[in-house]
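Okay, so here's the structure we're looking at.
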Amino acid sequence: MKRALPLLFLLVCGIRLYAQSGQRVERSREQRDFGAEGDFQKPVPMPADALQSLRLSKGADDSLQDCAEQEGIPASQIPASWFVASEIRLSRTSAVDLVVRGEHECLGGAHIAQFWVLAKSNAGYNIVFRGRADALTVMPTRTNGYCDLQLAFITQAGAYVDYVNFRYSEGAYHKSGHQLTHPNS
C-alpha cells in the first residue's frame, strides 16, 4: 500500500497537468497575429452592436469617418463588408472580444491597415484600441487582467521594424513603449 500511494499521487498529478495543458491548447487556437494583408484564420460575422460602435468611432488615429465621407455615405450606413473580425479573449472573463481590421481600400495603404480592438460588455462592444500599422499582435502578457497589444511598423523595405507596445488601463489601451529593430543586420 505504501508503494502504491506515491504512484497514485503521480498518476493524479499527471492527469491534472494533461487536462490543464489541453485548456492551454484550446486557448492558443485563437488567432493572435493579424497582418495588414492576408486572411484572418477564423473570421466571424460582425455583430450588429460591434458594427454600431465602429460607425460611431472617432479619433485622430481612426480614418473611418473620413472614409465614409469620401464614399459619400453617412457613417451610420457604413456596411459590415468594410471589416473583417476575429474573436479573441482579452481578459480571463467569459466575454468574447473582437479584433477588427478595415477591409475597405480607404482604410489601408501600402502594407498598412486600420485595426480596432473591441471589448464586450453588458452594454455591447466598446472600442478599447484603434491604430494603423503593418501588423497587430495580441501578446500573451497581461496588464490589469487584459492581454497587452503590439503594433509593428515595417519601414525602408524591411530594414527597420518598430514594435510599439500598449497596455490596458482605465478602460483603454495606452502606449507603454517601443523597440526599434534592424532585422536584416
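Each reported figure results from applying straightforward, stated rules to the coordinates on display, with no laboratory input. The structure presented is a predicted model; accordingly, all values stated were derived computationally and were not measured. Heads up, the Cβs are rebuilt from the backbone with ideal geometry, glycines too, and the neighbour counts pull from every protein chain shown.
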Between residue 139 and residue 155, the two model label points (7 Å from Cα along the beta-carbon direction) sit apart by a distance in nm of 2.0
Cβ density ranking, 10 Å radius, fewest first, applied to 46, 139 yields 139, 46
Packing-ranked peptide list from 121-127, 159-165, highest mean Cβ count within 10 angstrom first, is 159-165, 121-127
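Fewest first, what order do 132, 29, 101 take by the number of other Cβ atoms within 10 Å?
Values: 132 19, 29 9, 101 22.
Taking fewest neighbouring Cβ atoms as first place, the list is 29, 132, 101.
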FRET efficiency (residue 58, residue 29; Cβ distance; R0 22 Å; to 0.05) is 0.05
Hits in segment 108-141: amide N under 17 Å from the 7 Å Cα→Cβ extension of residue 73, namely 108
If the label point sits 7 Å along Cα→Cβ of residue 175, residues of segment 109-137 with amide N under 18 Å come out as 113-117, 128-137
